[in-house]
1. So if I check each of Val35, Val65, which one is among the aliphatic types (A, V, I, L, M), out of contact with any Pro (no Cβ under 8 Å at 6 or more places or on another chain) and under 25 Å from Met226 (Cβ atoms)?
2. So which residues in region 353-377 are acidic (Asp, Glu) and under 13 Å from Ala323 (Cα atoms), if there are any at all?
3. Test Phe360 against the criterion of being more than 22 Å from the chain's Cα centre (by Cα), modelled with pLDDT of 95 or more, in a loop (DSSP other than H, G, I, E, B) and crowded, with 19+ Cβ neighbours inside 10 Å, and give yes or no.
4. Go through (1) more than 28 Å from the chain's Cα centre (by Cα); (2) within 22 Å of Thr121 (Cα to Cα) one by one and return the number of the condition Val35 breaks.
5. Of the residues Asp78, Asp111, Asp93, Asp104, which is closer than 29 Å to Leu385 by Cβ and among the acidic types (Asp, Glu)?
6. Considering each residue of region 239-257, count those that are out of contact with any strand residue (DSSP E or B) (no Cβ under 6 Å at 6 or more places or on another chain) and of a type in the set (Ser, Thr, Tyr), and give that number.
7. For region 146-170, name all the residues that are more than 14 Å from the chain's Cα centre (by Cα), acidic (Asp, Glu) and outside any helix (DSSP H, G or I).
8. For region 300-308, state whether one or more residues are assigned by TED's automatic domain parsing to the domain that holds Tyr235 and closer than 29 Å to Glu213 by Cβ.
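The values are calculated or read from the model by the stated rules, or taken from the named source; none is laboratory data. Just so it is clear, the model here is predicted, and its values are computed rather than measured. When we count neighbours, we look across all protein chains shown, and the Cβ atoms used for this are built from the backbone with ideal geometry, even at glycine.
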Amino acid sequence: MKQTVFNACDLLDTLQANSLLSGKRLGLLTNVSGVSRDLQKTSVRLSQLYNLCALFSPEHGLSGVQQAGGFDTDVFIDPQTGAPVYDLYGKTDGFLAAQKALQDLDMLLFDIQDIGIRYYTYQHTMLDAMKLCADVGIPFVVLDRVNPLGGVTVQGCCLECDCLSDVGRAPGQPVVSGMTVGELSLWYKDLFCIDVQLHVLRCKGWQRAYVFEDTDLLFVPPSPNMPTMDTVFLYSGTCLFEDTNISEGRGTTKPFEQFGAPWLNTEKVISVLCDLPEDARKNFDELVFRPCEFMPTFSDYTGEVCKGMQLHIRDKQNVNMYATVLYLFYVMRKVHPEEFTLDSNLPLLAGTKRILADDFNVSAFLEEQAEKCKEFAKMRKQYLLY
């Protein structure tokens with residue numbers, strides 16, 4: 001049975017929210033995913049209840065139509081609220097305008113559905129916003145949302161200090177942290193010594209063991225290539241294909257759920273993968289690797305037939321996607337030593353430069369990272385709200 005859960009945006013008419021927001025000139029950092037249980041935009045609800053003066057957008061823009069790396073390039077007026085919209089991602093003139101706009105506000109709120117994975121840029125835009133609020137001396141309020149992957153699992157490489165970038169700002173952060181954006185904001189405040197007045201309005205009814213499908217909430221794709229909850233789950237591993245010469249499925253209806261290349265020997269890759277030792281296979285025993293072909297309409301291999309595979313999930317609780325893709329890399333190097341290549345930027349996603357080494361030992365690396373994830377899980381306890 002689905003569990004009844006309320007994100008913080010569903011609780012804007014409570015006494016707690018009213019005491020914090022009433023009489024303030026408010027800004028809201030949001031996008032298409034910032035909606036209530038009944039799919040009303042948080043921006044509209046805020047404008048009805050309080051004094052909403054400005055909107056700010058992340059990667060993909062306010063409406064979520066821009067592709068990877070895209071953003072709202074111009075300041076414009078949101079037709080539903082009448083508030084001006086400023087970009088907080090592109091670091092262009094729009095970003096400078098956003099900085100100036102913050103000076104006319106009393107408070108900035110954040111309401112975006114994150115997916116619980118370090119590579120996804122919304123949590124880093126939240127970090128930027130926290131720092132900007134500290135600079136201008138206004139409070140920052142996180143309208144917390146459930147973590148779609150739940151609040152228990154901590155997996156993947158803990159980001160190493162020489163791999164910091166716009167897809168990983170916090171040293172030591174695992175790929176999957178098992179934290180809500182509200183919890184992450186509390187950790188970021190301490191980690192980066194941000195002198196900002198921070199408030200987190202909590203969800204109601206959510207428990208750490210709940211993944212998104214356990215709740216009665218409706219899924220709204222938070223970005224163009226994150227169309228389903230299967231995509232969200234697989235992304236913690238398949239995102240790594242972005243920095244290889246394998247298509248990660250952009251330009252198809254199944255981005256990050258399928259991957260391939262014109263030269264890939266899919267059957268051989270699957271065969272070698274399934275012959276790996278048991279300690280490796282346990283990471284993906286609940287995945288089915290289905291050979292398939294696809295033709296991207298944009299991005300890598302546009303208009304070319306790619307031979308690859310689609311991943312089907314039997315049991316999400318017993319799959320480690322980050323580990324799975326590292327083993328796929330190992331097998332592809334073995335099957336296609338000449339064709340398969342890794343980009344020099346891959347460590348920024350993977351979290352370690354060691355992944356580029358020809359003698360990279362996947363098993364030993366994952367064993368090491370599992371211990372680091374346990375240490376992170378102990379550290380994060382002080383920031384958990386649920």
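1. Answer to the selection: Val35.
2. Residues satisfying the conditions are Glu367, Glu368.
3. Against the criterion (more than 22 Å from the chain's Cα centre (by Cα), modelled with pLDDT of 95 or more, in a loop (DSSP other than H, G, I, E, B) and crowded, with 19+ Cβ neighbours inside 10 Å), Phe360 does not qualify.
4. Unmet condition: (1).
5. Asp111
6. 1
7. The one that is more than 14 Å from the chain's Cα centre (by Cα), acidic (Asp, Glu) and outside any helix (DSSP H, G or I): Glu160.
8. Yes, some residue in region 300-308 is assigned by TED's automatic domain parsing to the domain that holds Tyr235 and closer than 29 Å to Glu213 by Cβ.
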